[in-house]
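Everything on this sheet refers to the single structure shown next.
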Amino acid sequence: MFNNLSDKLDKALHVLKGHGSITEVNVAETLKEVRRALLDADVNFKIAKQFTNTVKEKALGQDVLTTLQPGQLMVKIVKDELTQLMGGDAAGINLSGTPSVILMSGLQGSGKTTFSGKLANYLKNKKTKKPLLVACDVYRPAAIDQLHVVGEQIGVEVFSDKGNNDPVAISQAAIAHAKANGHNVVIIDTAGRLAVDEAMMTEISNIHKAIQPQETLFVVDSMTGQDAVNTAKAFNDVLNFDGVILTKLDGDTRGGAAISIKSVVNKPIKFIGTGEKMEAIDVFYPSRMADRILGMGDVVSLVERAQEQFDEVEARKLQKKIAKNQFGFDDFLSQIQQIKKMGNMKDLMGMIPGAGKMMKDIDIDDDAFKGIEAIIHSMTPKERTNPSIINASRKKRIGKGSGTSVQEVNQLLKQFNQMSKMMKMMQGGGGKKMMQMMKN
Ligand code: GDP
């Protein structure tokens, strides 16, 4: 997620994070670099300019240059502004109706159907919600079938009426069906087009007027950058929607849409999609996203995801182990196995402070873990709990046993060491140590 942007911001802020003296000149230089990084990430020109101006004002206002740790304060100002730009606090969705009706809008291919399924699954897992999915794309029978497949996969009922070509009538019938059958949330998936066109806008607007949903969400593919922002504007003009869903953040997105969209349409990003699987949905937290963009990781989301997938007791045990510096290769292995269930590897690694940066050049996918797993499987139980005993001859044996080279074994040991150090630091002392780590 946002690797390029993170990289460039990291480089831009590097001087300030270093130990050298900080002058007005290098603050100005840094901000120029920050602006360039934002522009490269496809952030709207005006927004990028305004952003660096605000950061500069705040820096001068807080007299950054005379503080003891000017670099850290600058990073904090940048982080806070980035958070503000993306919306400040997290925004929830309105589920107050009986049933609550959620209307999905967006272009074809943006990920509406997939997200409708993810949201239904997310709400269903909350136990108090019994969602109904509604297929309202009357032009593409395949789209209706796709929603049925999704519904079956997550065990949520799908309402459709293939012969009917009036989406307003279908939505109304679906809401009546929901009321009669105890569904307290209705998620309406609508037809999209490849580009904004009048017929589509009229259709979605008619549905919107007729059913008056509690929540109208605009789904947009984050890979489309500035286009995403323009499409958002067009939909917002017609629908005055309540929130944005940014999909495909697991891909190689530049980040422009995530950063610009809130200030352009003045509507919060509510959820993000981070993969094709039904579980790949996250509430959007501007501050956590800012942390990730600045390479500070997102431990809170990582733990939350772990808790969603696995039981809390396990998560606690792990936390304790890390605190006691007892995190060994067995734990690492079981983490890998669990992480694999959680979706995109690179995305998850990016949540560990520093790890995203460390692993940015490594192409992590499911196969990439095979080598690591093989290496760990070739270690003895003792070696797994106490990796420091792994000397040259042990490395040779492990390499041979796992079909890898000594270099690969070395690389894994090195990464494991760095990771353990970072984990300990995270446990040990909150923000201060994390900042210190960023300097290195
Ligand atoms: P719709 O036309 O707006 O309903 O879009 P779909 O839901 O059919 O999604 C279009 C394509 O994008 C499908 O191949 C989905 O699997 C894929 N997709 C949707 N959301 C995500 C996401 O968050 N990450 C990734 N990688 N792919 C996604």
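Rule-based calculations on the coordinates, nothing more; no lab input. The model shown is predicted, which means the values in this text are computed figures rather than measured ones. Because the Cβ atoms are built from the backbone with ideal geometry, glycine has one as well, and the counts that use them run over all protein chains shown.
Overview of results
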read-out	value
Ranked Val229, Val15, criterion: other C-beta atoms within 10 Å, fewest first	Val15, Val229
The range 100-286 - share of DSSP beta bridges that are antiparallel (%, nearest 5)	10
Rel. contact order, % - alpha carbon contacts under 8 angstrom, at least six apart, the range 114-243	24
Long-range HN-HN contacts of Gly275 with modeled amide H, under 5 Å	Lys248, Leu249, Asp250
Convex hull of Cα atoms in the range 100-286, direction-averaged projection (nm²)	9.5
Estimated distance in nm for a label pair at Thr128 and Asn94, the labels positioned 7 Å out from Cα along Cα-to-Cβ	1.8
Inter-site label distance for Val283 and His148 at 7 Å from Cα along Cβ, in nm	3.5
For Val186, residues with placed amide H under 5 Å, excluding near neighbours	Ser100, Val101, Ile102, Leu132
Likely footprinting exposure, Ser334, Ser116, Ser420, fewest C-beta neighbours within 10 Å first	Ser334, Ser420, Ser116
Zone of Asp227's modelled label, taken as backbone nitrogen in the range 80-123 under 17 Å from a point 7 Å along Cα→Cβ	106-112
Ascending count of other beta-carbon atoms within 10 Å, so fewest first, for Glu279, Glu152, Glu215	Glu152, Glu279, Glu215
